Amino acid sequence: NRTNLIKAFPPADLAKDSQIDKAGNLLLVKNRLVVFSGQEILGYDVSDPKKPEKKWSLELENNVWLVAARLKGDKIYLVTQTAINDANPCPIEILRGEDSPLSIRCTDIYHPVSPLPVDTTSTAMILDPVSGQIEKNISFVSSSGNSVVYMSNQAIYLAYSYYEDTTKFFLGFIKKEARDLFPGWVMD
């Protein structure tokens with residue numbers, strides 16, 4: 001359960017510089033190593049690989065889990081999901097940090113007009129790897145099953161499966177979107 005900092009170049013001088021007593025998925029942004037270790041997210045200054053220094057830490061709340069982390073430029077884009085708590089739905093506590101927790105009010109959660117079967121609230125956020133601060137976030141209702149995260153140069157997408165009656169879906173498509181594509185007898 002450790003992360004080793006290795007001097008890899010030149011290969012003839014391969015050696016272990018130091019270690020960090022946390023392990024998990026890693027993202028390196030310039031001289032800042034971000035470690036995703038279970039319910040913790042930690043930022044280390046590794047400008048001197050022989051003496052890594054912990055600069056900040058965040059902890060995911062108990063009912064929150066990390067879905068994805070993506071690096072773009074000098075920012076980390078995180079997606080978390082939070083199980084819906086029927087007894088105490090709001091505010092939703094996402095992260096605890098050294099400065100202040102990230103908490104989402106019910107009025108700040110997007111939900112579609114049409115009712116959907118959902119069991120989680122997803123939150124997409126931008127993390128500054130130098131300070132450990134959350135710069136922006138947005139939350140929306142979602143489903144925990146089969147979530148897929150994709151990030152382009154312009155946006156981050158979170159998709160999940162939603163099953164609808166095929167006949168109802170097809171009929172709705174014909175009536176609303178494709179009326180001019182089908183002959184009248186199909187409409188009837």
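The values are calculated or read from the model by the stated rules, or taken from the named source; none is laboratory data. Treat the numbers as computed from the prediction; the structure is a model and nothing was measured. Cβ atoms come from the backbone with ideal geometry, glycine included; neighbour counts cover every protein chain shown. Only protein heavy atoms, including side chains, enter the accessible area calculation; ligands, DNA and RNA are left aside. Shrake-Rupley method; radii C 1.70, N 1.55, O 1.52, S 1.80 Å.
Tabulated values for the structure
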item	result
Hits in the range 90-144 (condition: of a type in the set (Phe, Trp, Tyr) and closer than 30 Å to Asn31 by Cα)	none
Test: residue in the range 148-155 that is part of a strand (DSSP E or B) and open to solvent by 70 Å² or more (accessible area, probe 1.4 Å)	yes
Close pairs (6 angstrom Cβ cut-off, 6 or more residues apart or separate chains): at pLDDT 95 or above in the range 34-59, among the basic types (Lys, Arg) anywhere	Val35/Lys22; Ser37/Lys22; Leu42/Lys22; Gly43/Arg32; Gly43/Lys55; Tyr44/Lys54; Asp45/Lys55; Glu59/Arg96
Candidates Pro117, Pro129, filtered to the one that is at negative phi, open to solvent by 30 Å² or more (accessible area, probe 1.4 Å) and not polar (S, T, N, Q)	Pro117
In the range 71-87, the residues that are surrounded by fewer than 11 Cβ atoms within 10 Å (Cβ to Cβ) and more than 21 Å from Ser143 (Cβ to Cβ)	Gly73
Residues of the range 110-147 classified as over 24 Å from Pro89 (Cα atoms) and not in a strand (DSSP E or B), total	6
Where a residue in the range 17-30 is within 16 Å of Leu71 (Cα to Cα) and its partner, wherever it lies, is open to solvent by 30 Å² or more (accessible area, probe 1.4 Å), with Cβ under 6 Å and at least six apart	Leu27/Leu71; Val29/Asp74
Qualifying residue in the range 159-174 (condition: of a type outside the set (Gly, Ala, Ser), in contact (Cβ under 8 Å) with a residue 40 or more places away in the chain, under 30 Å from Val35 (Cβ atoms) and not in a helix (DSSP H, G or I))	no
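Quick grid of which residues meet (1) touching a Leu at 6+ places or on another chain (Cβ under 7 Å); (2) hydroxyl-bearing (Ser, Thr, Tyr):
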site: Asp45; (1), (2): no, no
site: Ser57; (1), (2): yes, yes
site: Asn85; (1), (2): no, no
site: Pro89; (1), (2): no, no
site: Ser103; (1), (2): no, yes
site: Thr107; (1), (2): no, yes
site: Thr123; (1), (2): no, yes
site: Ile134; (1), (2): yes, no
